[in-house]
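Participant: Quick one: the structure is below, and I'll ask about it shortly.
The values are calculated or read from the model by the stated rules, or taken from the named source; none is laboratory data. Here the structure is a predicted model, which means the values were calculated and not measured. Using ideal geometry, Cβ is built from the backbone for each residue, glycine included, and neighbour counts are taken over all protein chains shown. Accessible surface is based on the protein model in full, side chains and every heavy atom, while ligands, DNA and RNA are left aside. Shrake-Rupley method; radii C 1.70, N 1.55, O 1.52, S 1.80 Å.
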Amino acid sequence: MQANRLSFDVKPNAHPMDEASRLKAFENLGFGTLFSDHMAVVRWSEDRGWHGAEITARAPFPIDPASSVLHYAQEIFEGMKAYRTADGRAVLFRPEENARRFNDSARRMAMPELPEADFLAAVEALVRIDAKWIPEGEGSLYLRPFMFASETFLGVRPSKEYIFCVIASPVGPYFKGGAKPVKIWVSENYTRAAAGGTGAAKCGGNYAASLVAQSEAAAQGCDQVVFLDAAEHRWIEELGGMNVFFVMQDGSITTPPLGGTILPGITRKSLVALAREEGFTVNEERYSFDQWKADVESGKVTEAFACGTAAVVAGIGTVKHSGGEFRIGNGETGPVTGKLREALVGIQRGTREDKHHWVRAIEGA
């Protein structure tokens, strides 16, 4: 990892949310609607590189109407969480992986890479100053590092100026009703990514392209949409913002392979490792929707679940498609799903041994 080069100028918010209002807001946390007092900001220009690192009051950015991000969508982001463990520590879960993936996305989108140490320094500095915004209990502080092109021009080329920022949002469960099984809709009219595209990058355009399918899913009474491959419209790839796993009757687990069209989820990577430690055979191989339906009907598939930073692990109870619907198992969260979720959350929350050293404590928070 590269040595940290940036020194953050800390400018405390002169008008933070008063304590009574903050505690009141914590009584009914949703997801991504409440924000902490500060943000981390670093700027990049072709002539100066990364500069102007600061922790400052959260506020809008003044953006010129011709800022290139508004026209050519040069934008990437990450999603991660800070947790308060039972012994009072503020911790991050595998933040180095977020830093690496952020730079993978930057390269794909023709944007400058941010040294990993500087990425981590920005995240930790923000958590440190807004440590009181980490909820107790099952809540967490969702962190959103992002970068966008800020140069004022209308030519089609990579921008020569960028802004990197980290904001924080205290959150409760991603899905309303908590960790209940979700209902998903199989999209047959829209695809998320194609070979050679940006499927493996965490860029806003991927999510924008998924919204019409997500709206279709909501109209069908579903929580999420699952996409099939763009070439054959046959192979299961991922949900709108989550990776997917299938638990087989023989005790094995299958998940679609990474290959440029699927986001390499950090939760996915962690669950693969944990499942193998628990003695499961994990197969990273293509799996068709028709096969999934047949395997559920025959009883070969006993569980399915989705995973991601926001929702962590969510069992899939019902699958709807244009030809009908089917229920997986008894429609409830299965024992393997529950076991893996418990193992992952235990490491994140400090109640289970962290054999892999995935948890990173933030001193002074």
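Participant: Go through region 36-76 residue by residue and tally those that are closer than 19 Å to Glu151 by Cα and assigned to a strand (DSSP E or B).
Facilitator: So the count comes out to 13.
Participant: While we're on this one: Could you please give the count of residues in region 294-344 that are closer than 21 Å to Glu138 by Cβ, of a type in the set (A, V, I, L, M, F, W, C) and either part of a loop (DSSP other than H, G, I, E, B) or open to solvent by 40 Å² or more (accessible area, probe 1.4 Å) (or both)?
Facilitator: 2
Residues are listed down the side, and each one gets a yes or a no for (1) modelled with pLDDT of 95 or more; (2) in a helix (DSSP H, G or I); (3) of a type in the set (Val, Ile, Thr):
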site: Gly88; (1), (2), (3): no, no, no
site: Phe102; (1), (2), (3): yes, yes, no
site: Ala125; (1), (2), (3): yes, yes, no
site: Glu136; (1), (2), (3): no, no, no
site: Ser159; (1), (2), (3): yes, no, no
site: Pro173; (1), (2), (3): no, no, no
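Participant: Here is a follow-up. Determine which member of the set Val186, Val212, Val166 is within 19 Å of Phe77 (Cβ to Cβ), modelled with pLDDT of 95 or more and not small (Gly, Ala, Ser).
Facilitator: Within the list Val186, Val212, Val166, the selection yields Val166.
Participant: A further question on this structure: Looking at region 123-144 only, could you name the residues that are within 18 Å of Asp9 (Cα to Cα) and either of a type in the set (S, T, N, Q) or open to solvent by less than 30 Å² (accessible area, probe 1.4 Å) (or both)?
Facilitator: Across region 123-144, the qualifying residues are Val123, Glu124, Ala125, Leu126, Val127, Asp130, Ala131.
Participant: Restricting attention to region 215-229, which residues are at pLDDT 95 or above and not hydroxyl-bearing (Ser, Thr, Tyr)?
Facilitator: Glu216, Ala217, Ala218, Ala219, Gln220, Gly221, Cys222, Val225, Val226, Phe227, Leu228, Asp229
Participant: Report, ordered by the first and then the second residue, all pairs with beta carbons closer than 7 Å, sequence separation of six or more or different chains, a first member in region 324-347 that is more than 30 Å from Val91 (Cβ to Cβ), and a second member that is of a type in the set (Lys, Arg).
Facilitator: Pairs that qualify, where the first residue is more than 30 Å from Val91 (Cβ to Cβ) and the partner is of a type in the set (Lys, Arg), are Phe326/Lys293.
Participant: OK, next. Of the conditions (1) more than 30 Å from Phe26 (Cβ to Cβ); (2) more than 18 Å from the chain's Cα centre (by Cα); (3) β-branched (Val, Ile, Thr), Ile163 clears all except one; give me its number.
Facilitator: Every listed condition holds for Ile163 apart from (1).
Participant: Moving to a separate point now. Could you figure out which of (1) open to solvent by 20 Å² or more (accessible area, probe 1.4 Å); (2) in contact with a strand residue (DSSP E or B) (Cβ under 9 Å, 6 or more places away or on another chain) isn't true of Glu19?
Facilitator: (2)
Participant: Kindly check whether there is at least one residue in region 71-85 that is among the basic types (Lys, Arg), under 20 Å from Pro264 (Cβ atoms) and either modelled with pLDDT under 95 or under 23 Å from the mean Cα position of the chain (by Cα) (or both).
Facilitator: Scanning region 71-85 turns up at least one residue that is among the basic types (Lys, Arg), under 20 Å from Pro264 (Cβ atoms) and either modelled with pLDDT under 95 or under 23 Å from the mean Cα position of the chain (by Cα) (or both).
Participant: Turning to a different aspect of this structure: Only one residue in Arg327, Arg360 is of a type in the set (Lys, Arg), within 16 Å of Asp223 (Cα to Cα) and in contact with a strand residue (DSSP E or B) (Cβ under 6 Å, 6 or more places away or on another chain), so which one is that?
Facilitator: Arg327
Participant: Among (1) within 30 Å of Gly350 (Cα to Cα); (2) of a type in the set (A, V, I, L, M, F, W, C); (3) in contact with a Cys (Cβ under 8 Å, 6 or more places away or on another chain); (4) open to solvent by 50 Å² or more (accessible area, probe 1.4 Å), there is one condition Ala73 misses while meeting the rest; what is its number?
Facilitator: Among (1) within 30 Å of Gly350 (Cα to Cα); (2) of a type in the set (A, V, I, L, M, F, W, C); (3) in contact with a Cys (Cβ under 8 Å, 6 or more places away or on another chain); (4) open to solvent by 50 Å² or more (accessible area, probe 1.4 Å), Ala73 violates only (1).
Participant: Any residue at all in region 25-35 that's modelled with pLDDT of 95 or more, under 13 Å from Trp133 (Cβ atoms), part of a loop (DSSP other than H, G, I, E, B) and touching a Pro at 6+ places or on another chain (Cβ under 7 Å)?
Facilitator: Taking every residue of region 25-35 in turn, at least one turns out to be modelled with pLDDT of 95 or more, under 13 Å from Trp133 (Cβ atoms), part of a loop (DSSP other than H, G, I, E, B) and touching a Pro at 6+ places or on another chain (Cβ under 7 Å).
Participant: Go over the candidates Gly251, Gly279 one by one and state the one that is out of contact with any strand residue (DSSP E or B) (no Cβ under 7 Å at 6 or more places or on another chain) and modelled with pLDDT of 95 or more.
Facilitator: Gly279
Participant: Among the residues of region 219-239, which ones are open to solvent by less than 60 Å² (accessible area, probe 1.4 Å), under 19 Å from Pro181 (Cα atoms) and of a type in the set (Gly, Ala, Ser)?
Facilitator: Gly221
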